[in-house]
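The structure appears right after this line, and notes come after that.
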Amino acid sequence: MKTKIQAKFKELYGDGARLFASAGRVNLIGEHTDYNGGYVFPGAIDKGIMAAIKPNGLGVVRAFSIDYNEASEFGLNEEDKPAQAWARYIFGVCRETQKRGGKVEGFDTVFAGDVPLGAGLSSSAALESTFAFAINELFKNGIDKFELAKIGQSTEHNYCGVKCGIMDQFASCFGKAGSLIRLNCKTLEYKYFPFEPKGYKLVLIDSCVKHELASSAYNKRRASCENAAAAIRKNHPEVEFLSDAKRIWLEEVRADIPEEDFLRAEYVIGEVQRVLDFCDALERGDYETAGEMMYQTHFGMSKLYEVSCEELDFLNKLARKMDVTGSRVMGGGFGGCTINLVKDELYKPFVDAAVAQFTAKFGHAPKVYDVVISDGARELK
Ligand code: ADP
Ligand code: MG
């Protein structure tokens with residue numbers, strides 16, 4: 001990828017470019033916890049975006065996407081929004097940097113990536129954080145890393161029509177090889193934990209399905225969580241978000257809320273605790289316990305929160321049957337990937353069986369992505 005990018009840059013714009021990169025992400029545990037003020041636990045992966053970039057003194061951005069084999073040229077004012085969807089991520093990052101008082105002048109760039117698009121690994125965050133980081137370095141703006149993540153998030157909100165949380169851009173900006181990052185979504189405090197599972201691999205099995213219920217179901221889940229939190233708050237005013245509640249406090253209001261809301265809340269409160277238990281396990285280097293937590297999360301998402309689907313439950317069940325260490329649906333649910341922590345010797349049998357059996361049952365093959373927890377936004381020297 002690097003040589004291709006450098007050669008194309010040289011062909012289009014000449015010498016002297018600097019190289020920057022950032023990463024997609026996975027979330028090991030902590031799902032549907034973000035909007036409940038709980039923890040998420042992501043890490044950057046060894047798949048990302050790489051960009052050669054150099055100021056051009058022309059007051060415009062000239063960008064070339066290798067993967068789309070397409071060029072875009074745009075100015076730096078609000079009315080200059082480019083037509084191509086991919087270019088809007090770069091434009092948005094420029095504009096959001098400017099809104100924060102950062103200097104952005106014209107530049108040339110050639111970029112490419114290897115994060116599968118729309119598979120739940122956040123290729124868009126990789127793209128945003130590559131440019132947020134690069135622009136900050138090139139024009140010496142001194143914007144801190146958290147604000148760089150927010151630049152990416154605001155780009156999604158204001159230029160790409162996606163009302164996302166902060167996790168993806170946070171993971172992409174803060175990611176470090178061999179570490180996961182526990183982010184408290186209420187306070188935005190974060191902490192690194194070691195994740196170097198020697199003897200294990202992380203592999204995603206992509207069901208390649210996306211069930212349409214996702215957004216209406218998501219709104220209903222949120223409403224249930226807010227309803228449960230409001231009921232608990234009557235007894236315990238300190239409960240701002242559902243994640244602040246203890247399990248027994250939920251028990252106290254069981255008769256006052258619909259059974260469905262109770263189950264949703266039971267999942268969320270359990271999931272917040274599981275993130276903490278998962279972190280404890282990692283600090284002991286106990287990947288077997290960590291893996292068990294992943295199965296518990298899958299169970300909760302499937303049976304209590306009810307955001308899994310037949311394809312994902314099938315993959316999860318197969319993992320369990322084959323003694324895979326940990327497995328669960330990753331992301332919002334209703335499709336997408338399972339993330340699996342699997343012993344080296346079981347990797348091939350598991351992946352082969354998952355592909356064969358899934359294909360036989362659902363009529364299309366799943367995709368398989370190996371991931372290694374790696375560095376996030378950085379300059380490549
Ligand atoms: P994801 O879940 O992978 O973030 P999104 O739909 O949010 O999916 O973002 C995908 C979009 O990001 C693509 O449609 C494209 O506009 C942009 N993008 C991601 N990776 C690349 C790339 N390698 N080259 C050009 N554009 C990219
Ligand atoms: Mg995205």
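For this structure, a couple of remarks:
- In segment 110-145, of all residues being part of a loop (DSSP other than H, G, I, E, B) and among the small types (Gly, Ala, Ser), the one that is surrounded by the most Cβ atoms within 10 Å (Cβ to Cβ) corresponds to Ser122.
- For His298, the criteria (1) in a helix (DSSP H, G or I); (2) in contact with a Phe, Trp or Tyr (Cβ under 9 Å, 6 or more places away or on another chain) hold in every case but one, which is (2).
- Flag if Gly300 is under 27 Å from the mean Cα position of the chain (by Cα), under 17 Å from Gly38 (Cα atoms) and free of Cβ contacts under 8 Å to residues at least 40 places away in the same chain: yes
- With respect to (1) crowded, with 21+ Cβ neighbours inside 10 Å; (2) at positive phi; (3) over 22 Å from the mean Cα position of the chain (by Cα), the lone exception for Phe107 is condition (2).
- Qualifying residue in segment 162-170 (condition: under 20 Å from Ile339 (Cα atoms), touching a strand residue (DSSP E or B) at 6+ places or on another chain (Cβ under 8 Å), within 16 Å of ligand 1 (Cβ to nearest atom) and assigned to a strand (DSSP E or B)): no
- Annotation note: of Leu127, Leu138, Leu183, the sole residue that is within 16 Å of ligand 1 (Cβ to nearest atom), in contact with a strand residue (DSSP E or B) (Cβ under 8 Å, 6 or more places away or on another chain) and touching a residue at least 40 places away in the same chain (Cβ under 8 Å) is Leu127.
- Residue that is most open to solvent (accessible area, probe 1.4 Å) [pool: residues in segment 37-64 that are of a type outside the set (A, V, I, L, M) and within 16 Å of ligand 2 (Cβ to nearest atom)]: Lys47
- Residue match in segment 71-86 (condition: surrounded by 18 or more Cβ atoms within 10 Å (Cβ to Cβ), more than 15 Å from ligand 1 (Cβ to nearest atom) and in contact (Cβ under 8 Å) with a residue 12 or more places away in the chain): no
- Filter pass, Val104 being away from ligand 1 (no atom under 11 Å from the Cβ), without any contact (Cβ under 8 Å) to a residue 60 or more places away in the chain and either in a helix (DSSP H, G or I) or out of contact with any Lys or Arg (no Cβ under 7 Å at 6 or more places or on another chain) (or both): yes
The values are calculated or read from the model by the stated rules, or taken from the named source; none is laboratory data. Because the structure is a prediction, the values reported are computed rather than measured. Neighbour counts run over all protein chains shown; Cβ positions are idealised from the backbone, glycine included. To get the accessible areas, we keep the full protein, side chains included, count just its heavy atoms, and leave off ligands, DNA and RNA. Shrake-Rupley method; radii C 1.70, N 1.55, O 1.52, S 1.80 Å.
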